[in-house]
1. Pull out the extension gain between A26 and A125, defined as 0.36 nm times the separation in residues minus the alpha carbon to alpha carbon distance; nm, one decimal.
2. Of the chain, which part is the longest with no chymotrypsin sites (Phe, Trp or Tyr not before Pro) in a loop (DSSP not H, G, I, E, B) and with at most 16 other C-beta atoms within 10 angstrom?
3. What is the Cα radius of gyration of segment 139-216 over 2.2 N^0.38 Å, N being its residue count?
4. So which GluC sites (Glu not before Pro) in segment 27-111 pass both tests, a DSSP loop state and at most 12 other Cβ atoms within 10 Å of the Cβ?
5. Under 10 Å, Cα contacts only: if you run a Gaussian network model on the chain, which one of D60, D151, D161 comes out with the highest mean-square fluctuation?
6. May I ask you to work out the translational diffusion coefficient for the chain at 4 °C, viscosity 1.567 mPa s, via Stokes-Einstein with Rh from the Kirkwood sum over Cα pairs, reported in whole µm²/s?
7. Round to the nearest 10 and give me the degree value, 0 to 90, for the angle of helix 3-24's Cα axis relative to the longest principal axis of the chain.
8. What residues have an amide H closer than 5 Å to that of A121, excluding those fewer than 5 places away on the same chain, when H is modeled at 1.01 Å from N in the peptide plane?
Amino acid sequence: MSKSCHYSFLLLLVICSMKCHQIFGADPTDGFTEVALAEENFVLQKPYNEPLGTRYSYKDGVRSFWVYNHDKPFKSSSGTRPRTEVRIKGHDYSSGIWQFEGYAYVPKGTSGVTIMQIHGASEGATTLQLRIYNGDMKYYKFNVVATDLYDKWFRLNVIHDVGNGKITVFIDGEQKFVVNDQGPGDLYFKCGVYAAPAGSSNYMDSRWRDIKLYKK
């Protein structure tokens, strides 16, 4: 192959790559640096009177969380709703741009439950809750973020730009929702199952794999 043909071929590859990037968009993790997570960063919260193994399992890379609507809160002094969640500890933040990534699976029948949240805010306990209602994901009980999520693995990415007060949600790499946050605070990520204040199904279940954190 002549030099001119070689350069033309390389130019064509670059153009094709740019076109693909324009068509399909950037990956939400582009420009971010992955934060190392060890098992001690995954702190479990579950009904205080239940053994961990009756509400959580970790097998073949999949973390399974389940809870019942009649379960106790995570500690006896708490008035909160039932939960089985993992709290990402050791990477609390109050500034910068942070990103949560994980692959989630929610079986049909699980409804009225928060599967992922950002804890901490200037007012209230959380700055973001992503809930499942009848297979659809909602921002708290309000805006629909995505639909038809039952019984399949989906990739969830949540970017929190603290300086600009913005949260962006991606499903399977596609931007689905942008919202203002709830103000500054001691912020951290959680996922699992946390019963909503009203309308929760009797049994709630979510499964997660490949949970990662990134930051800029």
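1. So the chain would gain 32.4 nm between A26 and A125.
2. 49-139
3. Its radius of gyration relative to the 2.2 N^0.38 Å reference: 1.20.
4. Filter output for segment 27-111: empty list.
5. Comparing D60, D151, D161 in the GNM, the peak value goes to D60.
6. In µm²/s, the coefficient is 70.
7. Here the helix axis deviates by roughly 30 degrees.
8. Those lying under 5 Å, H to H, from A121 are D186.
None of the figures in this text is laboratory data; all of them are computed from the coordinates on show. A quick note: this is a predicted structure, and the numbers were derived from the prediction, not measured. Backbone-built Cβ (ideal geometry, glycine too); neighbour counts: all protein chains shown.
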